[in-house]
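These notes concern the structure reproduced below.
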């Protein structure tokens, strides 16, 4: 038992020495597409992206949220909510010599939650997609996401095909100028990414019922603040995306620890990321009870 405790303490100490970085941006803005370039620039050797632990061109551990058929399962996978999945990735992290790691997420709250879940330090530096991509590049990425439902996983297609062949759509190779990177010059100045079309993205192209949206929002808010109850979600518009009205009930003695605007953004980001549903506005009505 004493030997096991020493091993655990050493593994935990090793993880605490790991430098943690984060890349944050709304769903569909091209984070996964640009993550390898960012990692190479800052000598980051591991990436956490949608439930996967990635090193270079290999998936070390985990399962992809993009393979899930339903939005609620995708939510749990991306934040390591399933205990077996969580333990698999945590064990792999403790075995690997992780000096620097990049966590990809749609919000700072999300990347902090993933870091805590995987027993890593909070990110010491957070990059936003606007820091590494132009406005035009982000708009192009979002058009592709919402018009075609395509996502990117930053590993070669052979890594995805052997486990999730049904979601693979295409692959692409990204080239860098050889003079910019000696490492990439040795590797033919580029790397391969896999384009996938997840099951939940396909479903999102059809009309989404108000009852389904209510369940999605209720699940996301339960992770956010368990005291908040969702009574109904109404669709105000479906033109080029959804405008929603969300009715909430909150105990009269309970203080919500965030602003209304942050709560609106959280709901929109969650639906966009895990349901492939583009939400351009969220109107919230709060009823107190008790």
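Taken together, the values in this text are just the output of simple stated rules run on the coordinates, not laboratory data. Computed from a predicted structure; not experimentally measured. Because the Cβ atoms are built from the backbone with ideal geometry, glycine has one as well, and the counts that use them run over all protein chains shown.
What to note about this one:
- Over the range 207-289, relative contact order from alpha-carbon pairs under 8 Å, at least 6 apart, %: 30 percent
- Put in line by how crowded their Cβ is, counting other Cβ atoms within 10 Å and starting with the fewest, 142, 110 read 142, 110.
- Difference of contour (0.36 nm per residue) and Cα-Cα distance, residue 285 to residue 119: 56.1 nm
- Of the residues 135, 63, the one with the fewest other Cβ atoms within 10 Å heads the list, and the complete ranking is 135, 63.
- For the pair residue 69 and residue 225 in one chain, pulling the backbone fully straight at 0.36 nm per residue adds 53.6 nm over the alpha carbon distance.
- Label-to-label distance, nm, for residues given as residue 235 and residue 131 (7 Å Cα→Cβ offset): 3.8 nm
- Residues 281, 64, 226, sorted so that the one with the fewest Cβ neighbours within 10 Å comes first: 226, 281, 64
- Taking the range 47-137 and dividing mean pair separation by its residue count, relative contact order in percent (alpha carbons under 8 Å, at least six apart): 25 percent
- Estimated FRET transfer efficiency when R0 is 30 angstrom, pair residue 82-residue 42 (beta carbons, to 0.05): 0.50
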